[in-house]
Amino acid sequence: MSEVNETSGATAEEPAGGGSGRRAPTVADFTTPQEVRWCPGCGDHAILSTMRGLLPALGVAPENTVIVSGIGCSSRLPYYLDTYGIHSIHGRAPSFATGISINRPDLSVWVVTGDGDALSIGGNHLIHALRRNVNLKILLFNNQIYGLTKGQFSPASKVGTVSPSSPHGSLDYPFNPVALALGAGATFVARTVDSDRRHLTATLTAAAAHQGAALVEIRQGCPTFSAIPRQPRGAAGAPSDTDNPASPDLGPIRLSPGLPIVFGGNEQWGVIRDPSTGELAIGNGGDSRVVVHDPGTPNSTYAYGLARLAETALAEPPIGVYRSVSQPSFDQLYQERLATARPGGRGDLRTLMTGADSWVVAG
Amino acid sequence: MPTEQLSERPDGVRRLENVVIRFAGDSGDGMQLTGDRFGAQAAAIGNDVATLPNYPAEIRAPTGTVAGVSSYQLHIADHDISTPGDQPDVLIAMNPAALKANVTELRPGGVIIVDTDTFTVLGLEKAGYEADPLTDGSLDAYQVHAINLTGFASAAVADHNLKRKDAARTKNMFALGLVSWMFSQPIEDTIEYLRKRFASKPDVQAANIAALRAGVIYGETTEAFANVYEVKPAALPPGTYRHLKGNKAVAYGLVAAAHQAGMPLFLGAYPITPASEILHELAILASNDVRSFQAEDEIAAIGAAIGGSFAGMLGVTVTSGPGMALKAEALGLAVIMELPLVIVNVQRGGPSTGLPTKTEQSDLLQALYGRHGEAPIPVIAVRSPADGFNAAMEAARIALAYRTPVILLSDAYIANGSEPWRVPEVAELPFIGIDLATEANAVDEAGNPVFHPYARDPATLARPLAIPGTPGLTHRIGGLEKADQTGAVSYDPDNHDLMIRTRQAKIDGIDVPPLEVDDPSGAPGSGADVLVIGWGSTWGPIGEACQTVRAAGMKVAQAHLRHISPLPANLASVLSEYHTVLVPEMNLGQLAGHLRRETLIDTVGYNQTRGMPFRSAELASVIIRVIQGITEEDTTGDNAAKVLGDVAARLAASTGAATAGTATSQDATPEAGR
């Protein structure tokens, strides 16, 4: 979104320089000294904190890490991490990141974006980066609202969202980012929440380990322009309404590879597959048809059904890794093609220019 | 016959200084390939060659209609030429529509070769002929050779197991053989070409070669033509030469630039006519460390190129006008991030989809000013097909030395036209490499070494480039305003003003060679009264027009701009030495307006937007009228602009018919013998 809500008129801040030594990187090595300028209570603080803890653990030096963002609240993140970075233009971050990643396999390239940036103005770049399986880790901060431009509804907002640009409620059907990514052929798709540090860390770690495009939707609220309640409540604590699987008190289903998908205080609910139609539905936790979660299922129909479940039968969508399958990354194929094309190093320029159809004019 | 006839050899072969030949046929007739091969043959025997392919936007317009006609014009000469010629001397028309679309442009007395096989009732009807032009006397002013090209070609390939339709498709090679014989050109290079091209289809290969040979034999044995001609080799400087199209020259210039910079070349591109060919050329050059990436749209194409530049590649994107419009926001980002980038705009007729396969120079103001904010970008222009090589290298030099996006303007005429190119030795090429930052260049308040990405070289104002992977120099850049030196985000009013002025000063300070004037009658101020100044592809027609004017005993000066932003420092002083500055452009006066803004000198425009290059004879008559207008002005007070307005109106009226006839057809994937 456009930068209409940039407030400060102060002098230069957020220095761009920096660096680190040759020892194992630490949290401090990935931290820039400037003031973080998100609203108090914003989930972006938690994501930044998680990233600062996560990046040193990945074993990639700060100088070999590149973070590219678009425009929006989320896209300020690169300024706070002491790596190479581009705070680019609205919606286009995947294109810049693609140009970096495919040419430099030695780099770990991350894209930081939001629901407006990635799903609206930048929708085309997102789906094509996923389709190509470019080796990018794409963090989609989804607060279901345009924050930086002061609270308009976004393509992730629920129908009926009242906002400055939809005073009588929005009419648009929203995108489901996980379903969209699956439709685009993404090889790694996950959903997590900003309020659960452990889940967030585990999900981002899994994304970082994936070879190819990894899309992580990070659901969050917006403390300033919230269109949705702060969520989730998580699995801890006693639900007050366990008779209804769509109760918001249950918190989101947590997907764990190899485990049956059951939820509720006593695991009384489960995701079952209708054997005649193959469709997923909510049933009894003890049902023999309860699905065992397998993000490696080659066919993405299962993950897609899971992604859509919340729209009909749950208060919140499940969190965890929906899909993680192995497929050569575009980067790998591109580098292999280059290596094949020049087995003996760079071709001779004069030979190229002379070609096979030249002639000589004698002196 | 064609132009001036110099002499006749004892064997009856007549020598010509130059000749203009146009092959025309249906989209599926392979005219682009035929013309291309004829040009290559002429180039190989040492003629100077300039070509003008012409085809419509449709891949396959309705067969046999005027809208479906594709043509390829060649000018071959025994001396240095720079245009494809105004009027054909020889027209090869493969069907009635091709005849109808092109005959009005043929020189009176010129030669017409038609394929009678297509002059059927239906064929004539599709072309809109009410009577058969071969018999109704309408072609009496020309030398008409009506030959059943299809029939002879089919007969010649009867032994090669082709279906009847495929056999008939070799008629273009039969025609090429016949015209090659007529102009004493050896066909061996084309045979070799056909061997390679159809290596996987032996029957098609053999049939095309047989048809080509049959065309030559037909000419030799039937004595169909009274005369055989030859054009002697042109006196080119010694060296290795190659027949090169403009798009290929730009591609090679980019490859050479990356080589001379010691960087990999990275192209991000989205297909668009007439620029796609540069993408195609670069896509096959992975062996020369060229990386090409076909993006999902024009915006992603420049985005990837910018990302490549950030990562240490020579980032390039190629497009045409509509694509430039889409890239505008990303161009602004490249300006504020101060990254090297070359953007090639192969201009076509606009606005909107406009005339996608026709030429125009109407994106100049877009290149100069078409961005939000104060976003200066150097603009340089290609002046001829082979010049694309040097122009691309120059664009890359500026981009790297000054860490800036550079717009290189070509156009459809240059892109598809071709001419001989002297292949340079690698040692002749300039070294344009730059030093990447490897160490901190400042200290922070605590005395620790830090990297300031917006510190500047005092001579060029270029900032240091540190690419990812360089330890200790991690930094973030982006679209928000940068603080001077540190590159931190800054909303400070004084800093913003400073940075805007600094970015402008960097571009204004680019090292640009002075404008040179060509005037045999004397230096500026002591020679001609009229200076003709242009940019881009009008170089050839303006140059030939000036030669014509001088041959008629009048004085005229010519200057041509390579650098349009920044302009040469001596521009205003040069222009001020002339009574009248004439600016011919294929737009409504974009350079003229820019010159007025930059020099406060009024010029006289001569403008057309017909999708075709200027004819040199037309420009010569304009120049002559301007010169005469000045003379009249001395006595009657008339002024050059008014005279020129009259000339323009007269020319527009006289060329109206010819303009209507230029709608022809595309050989998007020409194949021999189709």
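The values are calculated or read from the model by the stated rules, or taken from the named source; none is laboratory data. Predicted model only: the values in this text are computed from it and were never measured. Please note: Cβ atoms are built from the backbone with ideal geometry, for glycine as well, and neighbour counts cover all protein chains shown. These accessible areas exclude ligands, DNA and RNA; they are computed on the full protein's heavy atoms, side chains included. Shrake-Rupley method; radii C 1.70, N 1.55, O 1.52, S 1.80 Å.
Assorted remarks:
- Scan of the range B:464-480 for residues that are free of Cβ contacts under 8 Å to residues at least 60 places away in the same chain and more than 7 Å from chain A (Cβ to nearest Cβ), ordered by number: B:464, B:466
- Per this entry, residue B:626 is counted among residues that are in a helix (DSSP H, G or I), touching a strand residue (DSSP E or B) at 6+ places or on another chain (Cβ under 6 Å) and buried (at least 22 other Cβ atoms within 10 Å of the Cβ).
- Within the range B:405-428, the only residue that satisfies the criterion of being surrounded by 24 or more Cβ atoms within 10 Å (Cβ to Cβ) and assigned to a loop (DSSP other than H, G, I, E, B) is B:417.
- Residue within the range B:435-445 that is crowded, with 24+ Cβ neighbours inside 10 Å and more than 7 Å from chain A (Cβ to nearest Cβ) present: no
- Considering the range A:248-294, the residues that are part of a loop (DSSP other than H, G, I, E, B), touching a Ser or Thr at 6+ places or on another chain (Cβ under 8 Å) and open to solvent by less than 30 Å² (accessible area, probe 1.4 Å) include one that is farthest from residue A:203 (Cα to Cα), namely A:264.
- On the stretch given as the range B:488-547, residues that are among the hydrophobic types (A, V, I, L, M, F, W, C), without any contact (Cβ under 8 Å) to a residue 60 or more places away in the chain, more than 14 Å from chain A (Cβ to nearest Cβ) and closer than 30 Å to residue B:455 by Cα total 2.
- Of the residues in the range B:231-249, at least one is of a type in the set (D, E, K, R), under 30 Å from residue B:394 (Cα atoms) and touching a strand residue (DSSP E or B) at 6+ places or on another chain (Cβ under 6 Å).
- Here residue B:312 passes the criteria (1) open to solvent by 10 Å² or more (accessible area, probe 1.4 Å); (2) more than 11 Å from chain A (Cβ to nearest Cβ) except the one numbered (2).
The rows are residues; the columns are (1) within 24 Å of the chain's Cα centre (by Cα); (2) open to solvent by less than 20 Å² (accessible area, probe 1.4 Å); (3) within 14 Å of another protein chain (Cβ to nearest Cβ); (4) not aliphatic (A, V, I, L, M).
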{"residue": "B:316", "(1), (2), (3), (4)": "yes, yes, yes, no"}
{"residue": "B:338", "(1), (2), (3), (4)": "no, yes, yes, yes"}
{"residue": "B:346", "(1), (2), (3), (4)": "yes, yes, no, no"}
{"residue": "B:350", "(1), (2), (3), (4)": "yes, no, no, yes"}
{"residue": "B:369", "(1), (2), (3), (4)": "yes, no, no, yes"}
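- Selection within the range B:345-374 - part of a loop (DSSP other than H, G, I, E, B), within 22 Å of residue B:391 (Cβ to Cβ), touching a Pro at 6+ places or on another chain (Cβ under 9 Å) and not hydroxyl-bearing (Ser, Thr, Tyr): B:348, B:350, B:358
- Given (1) at the interface with chain A (Cβ under 10 Å from one of its Cβ atoms); (2) over 29 Å from residue B:588 (Cβ atoms); (3) touching a residue at least 60 places away in the same chain (Cβ under 8 Å); (4) not charged (D, E, K, R), index of the condition residue B:332 fails: (2)
- As for the range B:195-204, it holds at least one residue that is surrounded by 22 or more Cβ atoms within 10 Å (Cβ to Cβ) and over 18 Å from residue B:36 (Cα atoms).
- Scan of the range A:154-179 for residues that are under 23 Å from residue A:216 (Cβ atoms), open to solvent by 40 Å² or more (accessible area, probe 1.4 Å) and of a type in the set (A, V, I, L, M, F, W, C), ordered by number: A:175
- Qualifying residue in the range B:167-188 (condition: more than 18 Å from residue B:212 (Cβ to Cβ) and either among the aliphatic types (A, V, I, L, M) or within 32 Å of the chain's Cα centre (by Cα) (or both)): no
- Test: residue in the range A:38-53 that is more than 11 Å from chain B (Cβ to nearest Cβ), open to solvent by less than 20 Å² (accessible area, probe 1.4 Å), touching a His at 6+ places or on another chain (Cβ under 8 Å) and in a loop (DSSP other than H, G, I, E, B): no
- Within the range A:337-363, the set of residues being surrounded by 12 or more Cβ atoms within 10 Å (Cβ to Cβ), assigned to a loop (DSSP other than H, G, I, E, B) and at the interface with another protein chain (Cβ under 7 Å from one of its Cβ atoms) comprises A:342, A:346, A:347, A:355, A:357, A:358.
- Just one of the listed residues (B:399, B:367) is outside the structural domain of residue B:481 (by TED's automatic domain parsing), among the small types (Gly, Ala, Ser) and closer than 19 Å to residue B:592 by Cα, namely B:367.
- Complete set of residues in the range B:596-621 that are farther than 26 Å from residue B:550 by Cα, open to solvent by less than 50 Å² (accessible area, probe 1.4 Å) and not hydroxyl-bearing (Ser, Thr, Tyr): B:611
- Count of the range A:72-120 residues which are in a loop (DSSP other than H, G, I, E, B) and either surrounded by fewer than 24 Cβ atoms within 10 Å (Cβ to Cβ) or more than 16 Å from the chain's Cα centre (by Cα) (or both): 9
- The single condition among (1) within 10 Å of chain A (Cβ to nearest Cβ); (2) of a type outside the set (D, E, K, R); (3) open to solvent by less than 10 Å² (accessible area, probe 1.4 Å) that residue B:234 does not meet is (3).
- Residues (within 22 Å of residue A:353 (Cβ to Cβ), touching a Lys or Arg at 6+ places or on another chain (Cβ under 8 Å), surrounded by fewer than 24 Cβ atoms within 10 Å (Cβ to Cβ) and more than 10 Å from chain A (Cβ to nearest Cβ)) located in the range B:263-309: B:277, B:281
- When residue A:312 is tested against (1) assigned to a helix (DSSP H, G or I); (2) over 26 Å from the mean Cα position of the chain (by Cα), exactly one condition is not met: (2).
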